[in-house]
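Accompanying notes for the structure given below.
The values are calculated or read from the model by the stated rules, or taken from the named source; none is laboratory data. This structure is a prediction, so every number in the text was calculated from the model and none was measured. Note that each Cβ is placed from the backbone with ideal geometry, even for glycine, and that neighbours are counted across all protein chains shown. For accessibility, only protein heavy atoms count, side chains too; no ligands or nucleic acids. Shrake-Rupley method; radii C 1.70, N 1.55, O 1.52, S 1.80 Å.
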Amino acid sequence: MQISELNVLIVEDDDFQRQTLSNMLRSLGLTSISGASNGRHALEIIHSDGSSRSIDVALCDLNMPEMDGMEFLRHLSQEHSNIAIIITSALDGKLLASVGKMTRMHGIQLLGAIEKPILLTHLKELLSKYDNSTKQESRPVPSMNFTLEEILHGIRGNQFMPFFQPKVDLKTGRIVGAEALARWNHPKHGVVAPDAFISPLEKSGNIDDLTFMMLEKSATECRALHDKGHLLTVSVNLSLVSLNDSALADRITQSVRKLGVEPQYIVLEITESSAMTDTASALENLARLCMNGFSLSIDDYGTGYSSLQQLTRIAFSELKIDKSFVKDFADNDALRIVVESSIDMAHKLQVKSVAEGVETQQDWETLSGMGCDTVQGYFIAKPMDARAFHDFVTNYKSAPIPRKSAQDQTKKNILVVDDDDFTRKILVRVLGDFGFTKITGADNARSAIKLLESNTFDLIITDVDMPGMNGMKFVQLIRSGKTHAKHDTRIVVVSSFSQTEVLGTAFALDINGFLVKPIIPAVVHEKITQALSERLHLRAPVAYDAVMTELKNLPRAERHPSYSHDGAAITIDEHKETGSRVHNRRENLSQHHLSLHRLRPGMTLKESVRLKDGTLILSAGHTLSELSINRLNDLKALLPAIGIIVHENP
């Protein structure tokens, strides 16, 4: 419908402003315009027309005599009116935003809110949003009520299934995972949303039956996607109610692994619909899940019990910003500040930020500008069943806004060295998916050295545990100038964080990053981008000859890495201190704790840095560079929390 065809009602108590609005509408070509001095008068006009559908849009002031704008909107809702609303008021913008939210909760289509004085361009923009076919799409639909026995019967009958909603990386535009959302394929009522069955299951203590059904079906689809070459992660919701069972973590781990999926590909979204009752058991389960390789996500952050307290006491690796904050946040200062602050906090905590409820191009672009990592929502795709999701992933074409730096990186020449054929092929495939075209593979270090005689590589990704020559010896030969490789070649090491001897040696060889098996595409992209962009701070080639590369224990069966977000604290010391003063400062370390992101190139270590098991990483007197700071952040989970003492050079 064209703007000029709309039938508009102006609800405004000020005669002059009502006439001004009428003139503005006529300038836009509208001819069917009515006026009312308050809410009661407006309702009389609507009723006198015989049908509320004769009025398409109402411009509604808030502060009016007899019946104000909010009461008018409440009456419209009770009458199930189809009239779309534009709120006009001179009141504070925060109040307008609150009334706008109230309007939507009444099920009324809100085109927007305008602060007075009204501009013609803004009025035209809001009127252009009118769509007669979708006016009632937001009206709440009464949820169906099912007895607990009906729900349990559905579970026993295998009627529940996961629907998958894709999660997209904002930097690359690529699908990196999906959230598995429980749906009930009811034989009579069709697909039933979780509002109808989650609460009864939690209250009755039967939620685990649904959780494990969703977990196993989601892991099965994850395995199927991997078999097709789509190395995505799958997020599954885990209720806090389930965490009281001390055996839960082991049951989840066994369920996933028996289906051929590594825990690193499963994200457990902790939903907090109720308070944590047995805190100790819950934290033990979450810590054990994290230790077993699962990633933890705090779901619906900012609502209910998903609080700052939970964020600080649980080792989350992902923070999901609830859709209630994302919806319309681009036009709402308060919501925008909340979203931007949440993203900033996630980055400072070194966890991924995920925004759900992304519905428009504007949402996408605003979140991208804020530095959000991942998004999901109707703008990308609605939740869909497994078959549809497989087709969606296969046919999806990412459309990121290319940046020059990203384009330049994909032209780099990369060598992948790994004796495991499967891992090598996976890495080559993942790099190819990210746009890299110059990729060469080698199955051992000596073959790689031979390739260096006739090829120049910008980046080398090497495994450590290989026959003949281990990866650390290979890296040492490169850094010490004993191969034909460029001295400044970027090097990323594939290892397990359980191999602390390897980590210490890799640090001494000034590598540019770690990759942990199993290979996760999103992590590969992040680490490769960092390796290719960070500033190198290499020593003279002869300095690397002294590094010990004969590693005593290289386990062929890699243990699963443990994950934690207990980063090392940093103590800044601007002046030289005596031993007693250092001792006193340690006793008062809480006064000087800073997070790792506060480290800056040029600071000098006052004491050696060691891992929790005593492995030496950096020696006292080392001047920090961007490279060494990045590696410390890579290993933050393995650093002791007592603090790294540094001082700034004058």
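Compute the accessible area per residue over the stretch 323-367, keeping the other protein chains in place, probe 1.4 Å, unit Å².
So the stretch 323-367 comes to 49 Å² accessible per residue, rounded to a whole number.
Based on the Cβ-Cβ distance of HIS487 and SER454, what FRET efficiency does E = 1/(1 + (r/R0)^6) give at R0 = 22 Å, to the nearest 0.05?
0.75
Could you sort ARG446, ARG479, ARG429 by accessible area so the largest value comes first, with the probe set to 1.4 Å?
The ordering from most to least exposed comes out as ARG446, ARG429, ARG479.
Let me cross-check LYS438: its accessible surface, 1.4 Å probe, with only protein heavy atoms counted, in Å² to the nearest 10?
100 Å²
Working out 0.36 nm times the residue gap between PHE379 and ARG257, then minus their Cα-Cα distance, what length gain in nm do you get to one decimal?
40.6 nm
Can you tell me the accessible area per residue over the stretch 405-535, all protein chains present, probe 1.4 angstrom, in square angstrom?
37 Å²
If you find the alpha carbon centre of the stretch 187-244 and of the stretch 4-68, how far apart are they in angstrom?
Spelled out, the Cα-based centre of one part sits 49 Å from the other.
With a bin width of 5 angstrom, please list the P(r) values of the stretch 461-549 as percents of all Cα-Cα pairs, from the 0 bin to the one holding the largest distance.
3, 14, 26, 26, 20, 9, 2, 0
How long are the three semi-axes of the equivalent ellipsoid for the stretch 159-394, computed from the Cα gyration tensor as the root of 5 times each eigenvalue, in whole Å, largest first?
In descending order, the three semi-axes are 25, 22, 18 Å.
Label 7 Å along Cα→Cβ of GLU66; the stretch 6-23 residues with amide nitrogen under 14 Å?
Correct set: 11-15.
How far apart, in nm, are two points set 7 Å out from the Cα along the Cα-to-Cβ line at ASN413 and at LEU95?
6.9 nm
Which length gain, in nm to one decimal place, applies between TYR396 and SER27 when the Cα-Cα distance is subtracted from 0.36 nm times their residue separation?
128.4 nm
Against the 2.2 N^0.38 Å scaling, with N counting residues, where does the stretch 1-103 land? I'd like the Cα-based Rg ratio to two decimal places.
Against the empirical 2.2 N^0.38 Å value, I get 1.01 for the stretch 1-103.
Just report the Cα centroid separation between the stretch 452-529 and the stretch 70-131, whole Å.
With the stretch 452-529 and the stretch 70-131 each reduced to a Cα centre, they are spaced 59 Å.
Within the stretch 70-113, name every residue whose backbone N is under 11 Å away from a label modeled 7 Å from Cα of GLU359 along the Cβ vector.
So the set is 104-105, 109-111.
Are there trypsin sites (Lys or Arg not before Pro) in the stretch 507-551 that DSSP marks as loop and that have at most 15 other Cβ atoms within 10 Å, and which are they?
Of the trypsin sites (Lys or Arg not before Pro), the ones in loops of the stretch 507-551 whose Cβ has at most 15 other Cβ atoms within 10 Å are ARG535, ARG539.
Accessible area of GLU115, 1.4 Å probe, to the nearest 10 Å²?
About 100 Å², rounded to the nearest 10.
Cα convex hull of the stretch 405-535: mean projected area in nm², to one decimal?
Its Cα hull, projected and averaged over all orientations, spans 7.2 nm².
Roll a 1.4 Å probe over the protein chains and send me the accessible area per residue for the stretch 13-131 in Å².
48 Å²
Given R₀ = 45 Å, what would the calculated FRET efficiency be for SER54 paired with MET144, taking r from the Cβ atoms and rounding to 0.05?
Between SER54 and MET144 the formula returns 0.85.
Taking 41 Å as R0, compute the FRET efficiency from the Cβ-Cβ separation of LEU283 and SER447 and round it to 0.05.
Once rounded, the FRET efficiency stands at 0.30.
Could you order PHE146, PHE514, PHE379 by accessible surface area, starting with the largest, using a probe radius of 1.4 Å?
PHE379, PHE146, PHE514
Going from most exposed to least, what order do ARG26, ARG631 have by accessible area with a 1.4 Å probe?
ARG26, ARG631
How many nm is it between the label spots at LEU538 and ASP131, if each spot is 7 Å from the Cα in line with the beta carbon?
Roughly 5.6 nm, to one decimal.
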